[in-house]
Amino acid sequence: MGEKQQNEIDLNLFLEEIKKHDVISFDIFDTLIFRPFKDPKDLFNLLALNGNDLGFRKYRIDAEKGVRRLKQKYYGNYEVSLFDIYDELSKKIEIDINKRIKDEVDMEMELCYVNPFMKRVYQETLKLGKKIIITSDMYLNKEILAKLLKKNGYCDYTYLYVSCDECKNKRTGTLYQKIK
C-alpha cells in the first residue's frame, strides 16, 4: 500500500472518531506543530551559540527547574512563563531579559513547522463544523502560541488554553477541569 493511500485510511479513521464528538481538542507540540529536535531543550544549544554563551543550556534548564520549584512551594502549581524563567536566570548570570526572551521566541517561530497530516485532520475537522480547542502545557504564553499557530495555518479554533496563563496543566488534569 502506498504512503498516500495509507494516509487517506489514517485520515478517514481519525475523521470517523471525530464525527462522534462535538468538541475536539488538539495539543500543539508534537501534534499540530513539530520542533526539529529530539529533545525540546536542544533549542537552548542554539540559543547558547546565538548568545555566545556555551554554558547557557545548563543555566536555562536550571533556571526553569528552580522557578518551577518556587511556584510549587508558594502557589501550589508548577506553571511558569518564559518571563518567570528568564527573571530567575538573570539572578544567576548577567543577561538582557527582554533580548533573550525575544531570541528564544524568534527561534521557536523560525524552527517550528506544521505537521502535515494533522493539518489535514484539523482542516477536515473545521469542515465538519466541530468546535476546536487547542491546549498546551507550555511556558510560552497564549499570545505567542497563537502567533505560532497562525504562522502554521491553524486558525478558526474556538479557544486556546495554555498552562502558564491558566496556572493549570494537562499533566495533573487541572487544565482539563477548567476546559470542561
Just one of (1) within 16 Å of the chain's Cα centre (by Cα); (2) at pLDDT below 95 trips up Cys112, so point out which. (2)
Contact list, first residue from segment 46-75 and under 21 Å from Glu108 (Cα atoms), second anywhere and polar (S, T, N, Q) and at pLDDT 90 or above, beta-carbon distance below 9 Å, six or more apart or interchain, is Ala63/Ser90
Within segment 52-80, residues being surrounded by 15 or more Cβ atoms within 10 Å (Cβ to Cβ) and over 30 Å from Asp156 (Cβ atoms) number 13
Looking for something at pLDDT below 95 and closer than 23 Å to Asp137 by Cα - is there at least one such residue anywhere in segment 6-14? no
What tally of residues in segment 91-138 results from selecting those that are touching a Ser or Thr at 6+ places or on another chain (Cβ under 8 Å) and under 18 Å from Leu46 (Cα atoms)? 1
Which pairs turn up if I take residues in segment 24-44 that are in contact (Cβ under 8 Å) with a residue 40 or more places away in the chain and look for partners that are surrounded by fewer than 17 Cβ atoms within 10 Å (Cβ to Cβ) and in a helix (DSSP H, G or I) with beta carbon separation below 7 Å, at least 6 apart in sequence or on another chain? Ile24/Ile18; Arg35/Leu111; Pro36/Leu111; Leu43/Met107
The correct count of residues that are more than 18 Å from the chain's Cα centre (by Cα) and either loosely packed, with under 13 Cβ neighbours inside 10 Å or outside any helix (DSSP H, G or I) (or both) in segment 124-135 is 5
Scanning segment 136-180 for residues that are of a type in the set (Ser, Thr, Tyr) and in a loop (DSSP other than H, G, I, E, B), which turns out most open to solvent (accessible area, probe 1.4 Å)? Thr172
Unique match (being of a type in the set (A, V, I, L, M, F, W, C) and either without any contact (Cβ under 8 Å) to a residue 40 or more places away in the chain or touching a Phe, Trp or Tyr at 6+ places or on another chain (Cβ under 6 Å) (or both)) among Leu148, Leu160: Leu160
Looking across segment 81-117 at residues that are open to solvent by less than 40 Å² (accessible area, probe 1.4 Å) and touching a strand residue (DSSP E or B) at 6+ places or on another chain (Cβ under 7 Å), the single one that is farthest from Gly55 (Cα to Cα) is Asn115
Just checking: which of the helices (runs of 4 or more DSSP H) contained wholly in segment 3-97 hold 3 or more residues that are closer than 25 Å to Arg171 by Cα? 3-18, 56-75, 82-89
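The values are calculated or read from the model by the stated rules, or taken from the named source; none is laboratory data. All figures in this text were calculated on a predicted structure; none of them were measured in a lab. Counting neighbours? That spans all protein chains shown, and the Cβs are built from the backbone with ideal geometry, glycine included. Protein only, heavy atoms only, side chains kept; ligands, DNA and RNA dropped before computing areas. Shrake-Rupley method; radii C 1.70, N 1.55, O 1.52, S 1.80 Å.
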